[in-house]
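Report on the structure given below.
Read-outs: derived from the displayed coordinates by stated rules, not from any lab. Here the structure is a predicted model, which is why all the values come from computation and not from measurement. Here Cβ is always computed from backbone atoms with ideal geometry, including for glycine, and neighbour counts include all displayed protein chains.
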Amino acid sequence: MPETDWPVGIAEMKTARSPDRLSAIGLGSCVGVAVWDEESGWGALAHVMLPAQNGLSRVPVRGKFADTAVEWLVAELVQKGVDQGRLKAKLVGGANMFNAIQYNPLPVGTRNVMACREELTKRGIPVLAEEVGGTKGRSILFLPQDGRLLIRSLNQPERWI
């Protein structure tokens, strides 16, 4: 069966089962949170924009915030029969894209990464690898069957984590 690439836009989340793949383009200060279970071949990807909802949105956009996105990723995979205890995660993004704009002591990219890690830790999901921070955007291709992530950045060689 041929694979299908499913794009995950900003503030979106999707699940896929091997051989299908998930991708996110333009992760700047946003964080791609990839969660998977090798045994079942199921995985999920969120394109997280902000650390926490904190009443910011009257209409819930769960994929937009680290706290609601990670909760949804886990719930969706468990609903598909995945054992939460087998889930693993990888993080990509969280760059400091806006040096001149500082409304908080920590850049939003850094806060996004911290919030994603915290939400995963709360649920006992280990982060096996990450490529976060810096000043360049990234795009990713996620393979749920084994959790591999292909990372692409401008003027950088492609790399797998």
Residues with amide H under 5 Å from that of R21, placed H, sequence gap 5 or more: T4, D5, W6
Nitroxide proxy distance, nm - points 7 Å out along Cα→Cβ at W160 and R123: 2.6 nm
With Cα atoms, 0 to 90° folded angle of helix 108-122 axis to the chain main axis: 40 degrees
Summed side-chain charge close to G26 - residues other than G26 whose Cβ falls under 14 Å, Lys, Arg +1, Asp, Glu -1: +2
Nearest 10 degrees, 0 to 90: helix 66-79 Cα axis against the chain principal axis: 0 degrees
Whole-Hz couplings from phi, Karplus 6.51/-1.76/1.60, listed for the stretch 30-43; x for Gly and Pro: 5, 10, x, 10, 9, 10, 8, 10, 4, 4, 8, x, 8, x
GNM result for the chain, Cα springs below 10 Å: residue of R21, R123, R138 fluctuating most strongly: R123
The chain: C-alpha gyration tensor shape, a/c 1.5 cut-off, then a/b vs b/c: oblate
Amide H partners (placed H, <5 Å) of R138, local residues excluded: G26, L27, G28
Lysine pairs within the stretch 5-160, Cα separation less than 24 Å, 8 or more sequence positions apart or different chains: 16
Ranked list, fewest to most other Cβ atoms within 10 Å of each Cβ, for V78, V33, V113, V8: V78, V8, V113, V33
Exposure proxy order (Cβ contacts within 10 Å, fewest to most) of M13, M97: M97, M13
